[in-house]
Amino acid sequence: MAQVELSNISKRYGAVEVIRDLGLTIKDGSFCALLGPSGCGKSTMLRMIAGLEAVTGGTIKIGDTDVTHTAPKSRGVAMVFQSYALYPHLTVAENITFSMSLAGAPKAAQRAAAEKVGKLLQLDQLLDRRPAALSGGQRQRVAIGRALVRDPKVFLFDEPLSNLDALLRVQMRLELARLHADLKTTMIYVTHDQVEAMTLADQIVVLDKGKIAQAGSPWELYNQPANRFVAGFIGSPGMNFLAGQGTAKGITLRDGTELALTRSAPGPVELGLRPEHFTIATDGPIRGRASVVEYLGNTSYAYIDTDHGPMVVEADGAGIKAGDQVGLVPDLSKAHLFDASGAAV
Amino acid sequence: MSEHSATPARRFDPGAILLTILTLIAAFIWFFPIYWGLVTSFRFDDETVTDFSLIPTNPTLKNYIFTIQNSDLPIWYLNSTITSVGVTVLVLLMSACTGYAISQLQFPGRKALWWMILASFMVPVSALIVNHFIIIADVKLLNSHLGIILPMLIAPVTVIIYKQFFDGLPRDFREAAVMDGATEFQLLFRIFLPMNWGITTALAIITFIGAWNSFLWPFLATQDEKMMTVTVGISAVQDAYGVAYGRLLAGAVLAGLPVSLAYLFFQRRVTQAITLTAGIKG
Ligand SMILES: Nc1ncnc2c1ncn2[C@@H]1O[C@H](COP(=O)(O)OP(=O)(O)OP(=O)(O)O)[C@@H](O)[C@H]1O
Ligand SMILES: [Mg+2]
């Protein structure tokens, strides 16, 4: 059990700076998701915490210990790889206790540990099989078991569910949540799937090109995005953005429509509105034509071509069809305003 | 689909038939001398050039008995075994370590070492045999097992195969083991090699066969009959009465026996090994 503290971390590969002056504290017992688009440096961050990649600058503390230059095995961290990296020539039990066997633990202790972990992860019937004879979800559990047996202070996961099919992913997501609730160990979880991040994590760190765009609870990221990047990244379907000029009272859209807001910023600004924050009315200030209506069962989304560009709104029960002319009334109390630099006002 | 077309129709294909005939002829041309040598070793001396029957008219074990009784064959077998096993173990051990280092470790001179190994692969060992002789003579290792073994340890192909195999393994295996606290030696001997024993077995078999069959170097390195390997020793079995084909061939059969047995038992592995090395040698 330990908190993880990153200060002024930077990483470059040759001339390319992948992580820039990054500072972050992950509280003891927290489930922290590193979220961001492909190539933003999530895996690099995780691998630096693991010790598989050296930092170019900055310090990493796990608990009270500075581990910046400590060997991976001595950091008290365990990692679950995206590919699982199970050793094909070893049985499930041997895979799970490989670290113990390297350290020279007695056979009986190894077997006992394998059985304990196996029970916890419902692998007890499979301990003597080889990885090739397991399903994807079972392999995933063995990979987790291998981390579990080391009783680490911090668990690291690099997109652990991305090789599973959709149904299994939901199931394993639940199991991970349960595991974290049982163990209460700090977990750092890399994903580019925002649903995974939102459902599992109590702290989400959104990375954008090697910098932290925002760190906070799932609620904060969704309801109080700090900038346009986070606002656009979190939420599916994504937030709608309307460009305009900031006025003292609010915003003047490009077609001259004036909308009153409680906040304001001078110069070119953007108004952000989530799909669920519209009502459909014939006389709404934003007008357009529905191009596609997606019915999802519990709700439906209408894709509407407006003068401000394509927008998506939740249209449950509105009864609109593709081709309809519609007007949209935004709920301005829920609107977000971003200044020219992209920061939330 | 009718039931008929499900089984391929036997069609008359002149190309395929011609190819089969040519292959059979080639196989016959290759096999016949071996067969002839084998049967000749069971003939009496005076019949070797008079009896042309496919199966000896008066089969005899006289040649074998003579060869075994009038030579140090058991000692030669022992010498061959010691040197071939020695060469195989050392070549595999060194090649696996070298291939691993070049593939997985970062150290100054890694590229240079790799190019050197690739370059050494272009030089035929027989071109260096005089140098080998002088060096081994200088360090007084002629007529010793070690003297036979040392120059035969040059095996760039084995290193190349191991390196390519290690290169092809996903990085995650290495990193997962490093997180688990594995040292480089544990990584090599507990993960990388056991992950695919097939490669090591295949390389062991062809290295062993190569070492057992080698003639030129053991021939130069041993003058003492007690130190000769089977291949060298058999060639030295001579007879006061001139060329005795039967005895010579009996010796050859005895020399080749272990390797032939190895082929029979490990057929699949040998084929795999030859495919592996053919990929390198182009
Ligand atoms: N060994 C390396 N040498 C050079 N550049 C690298 C190296 N490893 C990663 N990078 C670069 O660093 C950046 C971040 O890589 P990283 O793997 O951390 O991304 P990621 O956020 O995990 O992406 P993904 O979601 O696709 O896994 C990428 O632009 C990548 O090209
Ligand atoms: Mg990644």
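The values are calculated or read from the model by the stated rules, or taken from the named source; none is laboratory data. Predicted model only: the values in this text are computed from it and were never measured. Neighbour counts run over all protein chains shown; Cβ positions are idealised from the backbone, glycine included. Just so you know, the surface numbers come from the protein's heavy atoms only, side chains and all, with ligands and any DNA or RNA stripped out. Shrake-Rupley method; radii C 1.70, N 1.55, O 1.52, S 1.80 Å.
Span-like helix check, chain B: qualifying full DSSP H segments, with Cα axial length of 27 Å or more and mean Kyte-Doolittle of 0.0 or more, are B:14-40, B:73-104, B:245-265. Taking chymotrypsin sites (Phe, Trp or Tyr not before Pro) across region B:209-263, the ones in a DSSP loop with at most 10 further Cβ atoms lying within 10 angstrom of their Cβ are B:TYR241. Surface composition of region B:73-281: carbon and sulfur atoms hold 70% of the protein heavy-atom accessible area at a 1.4 Å probe.
For region A:4-229, compute Rh as the Kirkwood radius over C-alpha pairs and then the Stokes-Einstein diffusion coefficient at 4 °C and 1.567 mPa s; write the answer in µm²/s, rounded to an integer. Rounded to a whole number, D works out at 71 µm²/s. Using only Cα atoms, tell me the angle between helix A:107-120 and the longest principal axis of chain A; keep it within 0 to 90° and round to the nearest 10. Rounded to the nearest ten degrees, it is 30.
Altogether, the Stokes-Einstein calculation at 37 °C and 0.692 mPa s, with the Kirkwood radius of region B:73-281 over Cα pairs as Rh, returns a diffusion coefficient of 174 µm²/s.
Note on A:LYS107: lysines with a C-alpha under 17 Å away, same-chain residues under 8 apart excluded, are A:LYS116. With contributions of -39500 (n - 2.57) from each DSSP H run of at least four residues, the per-residue ellipticity at 222 nm computed over chain A stands at -7000 deg cm²/dmol. Taking amide H as placed 1.01 Å from N in the peptide plane, A:ASN240 has its amide H under 5 Å from the amide H of A:LEU273, A:ARG274, each at least 5 places away in sequence or on another chain. Tell me the carbon and sulfur percent of the accessible area for region B:14-60, rounded to whole percent, probe radius 1.4 Å. Carbon with sulfur: 83 percent of the solvent-accessible area. Across all directions, the average projected area of the convex hull around the alpha carbons of the protein assembly as shown is 46.2 nm².
Could you pull out every one of the aspartates and glutamates with an alpha carbon less than 19 Å from that of A:LYS73, ignoring same-chain neighbours closer than 8 positions? Counting by Cα, and skipping residues close in sequence, A:LYS73 has these aspartates and glutamates nearby: A:GLU5, A:GLU53, A:ASP64, A:GLU94, A:ASP151, A:ASP158, B:ASP172, B:GLU175, B:ASP180, B:GLU184. Rounded to the nearest percent, how much of the accessible area of region A:4-229 (1.4 Å probe, protein heavy atoms only) is carbon and sulfur? The C+S portion of the solvent-accessible surface of region A:4-229 is 51 percent. The A and B chains share an interface that buries close to 1800 Å² of accessible area, total over both sides, probe 1.4 Å. Going by Cα centres, region A:276-345 and region B:20-85 are how many Å apart? Distance between centres, Cα-based: 92 Å.
Entry comment: accessible area of region A:238-338 is 49 Å² per residue, from protein heavy atoms only and a probe of 1.4 Å.
Gyration tensor over the Cα atoms of region B:81-122: the corresponding equivalent ellipsoid has semi-axes (square roots of 5 times the eigenvalues, largest first) of 24, 13, 6 Å.
When you filter the trypsin sites (Lys or Arg not before Pro) in region A:177-270 for DSSP loop state and at most 16 other Cβ atoms inside 10 Å of their Cβ, you are left with A:LYS184, A:LYS209, A:LYS249, A:ARG254, A:ARG263.
Legend: residues in region B:162-191 shielded by at least 30 square angstrom of accessible surface upon adding the remaining protein chains to the isolated chain (1.4 Å probe, heavy atoms) are B:ASP172, B:PHE173, B:GLU175, B:ALA176, B:VAL178, B:MET179, B:ASP180, B:GLY181, B:GLN186, B:ARG190, B:ILE191.
Applying a DSSP loop filter and a limit of 16 other Cβ atoms within 10 Å to the chymotrypsin sites (Phe, Trp or Tyr not before Pro) in region B:102-151 leaves B:PHE121.
Eigen-decomposition of the gyration tensor built on the alpha-carbon atoms of region A:195-316 gives equivalent ellipsoid semi-axes of 26, 21, 11 angstrom, largest listed first.
Which one of A:VAL292, A:VAL206, A:VAL313 has the biggest mean-square fluctuation once chain A is modelled by GNM with Cα springs under 10 Å? The residue with the greatest mean-square fluctuation here is A:VAL292. Free of any trypsin sites (Lys or Arg not before Pro) that DSSP assigns to a loop and that have at most 15 other C-beta atoms within 10 Å, the longest stretch within chain B is B:141-282. The distance linking region B:159-228 with region A:72-99 is 25 Å (Cα centroid to Cα centroid, whole angstrom). Computed over the alpha carbons of region B:14-60, Rg followed by Dmax gives 15.0, 47 Å.
Average accessible surface for region B:14-60: 72 Å² per residue, computed with a 1.4 Å probe over protein heavy atoms with every protein chain in place.
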